[in-house]
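Here's the structure, in structure tokens; my notes come after.
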Amino acid sequence: MSDTIILPDRGAAARPTPKPGVLDIAPYVPGKAKVEGVAEPLKLSANENVLGASPLAKAAYASAVDSLHVYPDGRASGLREAIAQRFRLAPERLVFGCGSDEIFQLLNQAFLEPGDNIVQGQYGFGAYAIGARACQGEVRTAPEPGYRIDVDEILAQVDARTRIVFIANPGNPTGTYVTGEAVRRLHAGLAPSVILVLDGAYAEFVDDPAFEDGVDLARDSENVVVTRTFSKLHGLAALRVGWAYMPAAIADAVDRIRLPFNLNVPAQLAAVAALGDDDFQARTLALMAQWRPWLAQQLGGLGLEPVPSAANFVLVGFPRTPGRTAAEAAAFLERRGLIVRGVAGYGLPDHLRITVGLEAHNRAVVEALADFMKG
Ligand SMILES: Cc1ncc(COP(=O)(O)O)c(C=O)c1O
């Protein structure tokens, strides 16, 4: 019996014990949605679409009311077809998730064994690490000088136990991006056994032609996964729809552990309608084109340090001077009914992340911060 595996005796514990690593995961702290004493605060803390959702998507959602008793199509066939056509992708290489969050989780689950690692940037989006730690994986973080992913720093973290490199492009909470050329260099530096995940939650908001969403790279490779979401551009965060384009072999593995009905009926219908609502998408992008630079420029004018953003939010740095700190600014804004996101949990205690809002929202934020800085 030389191949007997001796398992640790967890049964001897006095109560059910989570597997190692689970209790080391810091509980997720969501952005605030309420302020005491303020009836309807303005939430600029979750990078939601401030225009709401596409009217076509709302109508499609409502049309589901008579089929609530029916299980969803586990292949999301309608949505699969719509995305395949829109982006010219092979339908069988698409995988859908309850938000793109679920897809990161599934990739970790399918590819990480205890002791393997993932590599991400220093300010990497929180969901990658949660899934990796739940698989008893190690999370390696590469410095992001100037709040930007650095290809060489990422490659320096990769070793023989690296299974996945996660890059949000643009990043959250930084809002910065790396060019298509840099992404291709990163890919070229990875062994074929390492999966490169390009998380494009904010990809539609980038207007630099040097940016590439990674779809073309993924088309011809065996180890690139591109993820997208309906939560931002399409304003469907509540419905939880994400998708990924990946090599067939990876899709096959992920689909085997995916729960069959992870995308509900109204979500599938609304996502198809949203994808076809060019007018709503154009209005969202126009809002960003007008107000993102304005917000950044105004914040800079107050003596703050906005990080150049390509997403639908701006990360802004505050001084450490007592009375002028990021935490105090967040509290000040809250008293005016404006909720923004503290990002100390990302190792950025001197910054706040502010979703770009409608004109009135942006003006209210700038006015409040002007008063705060005057003190
Ligand atoms: C970088 C990044 N990736 C993924 C997501 C998750 O999006 P979803 O709503 O599709 O789970 C977010 C959400 O904020 C994000 O900021």
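Taken together, the values in this text are just the output of simple stated rules run on the coordinates, not laboratory data. Worth saying up front: this structure is predicted, and the values here are computed from it rather than measured. Using ideal geometry, Cβ is built from the backbone for each residue, glycine included, and neighbour counts are taken over all protein chains shown.
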Percentage of Cα-Cα pair distances in segment 16-133 greater than 16 Å, rounded to whole percent?
78
Between 0 and 90°, nearest 10: helix 326-335 axis offset from the chain longest Cα axis
70
When the chain is treated as a Gaussian network with springs between alpha carbons less than 10 Å apart, the largest mean-square fluctuation among 146, 99, 337 is found at 146
Taking Cα centroids, how far is segment 187-266 from segment 121-145 in Å?
17
Rounded to one decimal in nm, the spacing of the 7 Å Cα→Cβ label points at residue 81 and residue 220 is 3.1
Whole percent per 10 Å bin, from 0 to the bin with the longest distance: what is P(r) over all C-alpha pairs of segment 314-375?
23, 60, 17, 0
Here segment 278-295 yields Karplus 3J(HN,Hα) values (6.51, -1.76, 1.60; θ = phi - 60°; whole Hz; Gly and Pro given as x) of 5, 5, 5, 4, 5, 5, 5, 5, 5, 4, 5, 4, 7, 9, 5, x, 4, 4
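Normalised by the empirical 2.2 N^0.38 Å for globular proteins, what value does the Cα Rg of segment 235-287 take? Walk me through the numbers on the way to the answer.
Working: Rg = 14.1 Å, N = 53, 2.2 N^0.38 = 9.9 Å.
Output field value: 1.42.
Using the eigenvalues of the Cα gyration tensor, what equivalent ellipsoid semi-axes result for segment 223-375 when each is taken as the square root of five times the eigenvalue, whole Å, largest first?
Numbers: eigenvalues 263, 70, 39 Å².
Output for segment 223-375: semi-axes of 36, 19, 14 Å.
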Check residue 172: other-chain or 5+ apart residues with amide H under 5 Å from its amide H, H built from backbone geometry?
125
So the compactness index of segment 82-133, its C-alpha Rg divided by 2.2 N^0.38 Å, takes the value 1.38
Where a Cα-Cα gap under 23 Å defines reach, which lysines qualify for residue 43, not counting those fewer than 8 residues away within the same chain?
32, 34, 58, 232
Taking the Cα atoms of the chain, what is the range of coordinates along each of the three principal axes, in descending order and whole Å?
76, 49, 48
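Just the Kirkwood number for segment 136-228, please: inverse of mean 1/r across all distinct Cα pairs, in Å, one decimal.
Over segment 136-228, the inverse of the mean reciprocal pair distance is 13.4 Å.
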Classify segment 22-74 from the C-alpha gyration tensor, please: rounded if a/c falls under 1.5, else prolate or oblate depending on whether a/b exceeds b/c.
oblate
How much of the pair distance distribution for segment 98-188 lies past 24 Å, counting alpha-carbon pairs only, in percent?
15
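Using the number of other C-beta atoms within 10 angstrom as an exposure proxy, rank 177, 28 with the fewest first.
Values: 177 28, 28 9.
Least crowded to most crowded, the residues run 28, 177.
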Expected output is a single nm value to one decimal: the length gained when fully extending between residue 208 and residue 325, i.e. 0.36 nm times separation in residues minus the C-alpha distance. What is it?
38.9 nm
Please report the spacing between the Cα centers of segment 357-375 and segment 61-106 in Å, no decimals.
39
Could you check which residue among 108, 264, 49 shows the biggest mean-square fluctuation in a GNM of the chain with a 10 Å Cα cutoff?
264
Nearest 10, in degrees from 0 to 90: the angle of helix 359-374 to the longest Cα principal axis of the chain is 70
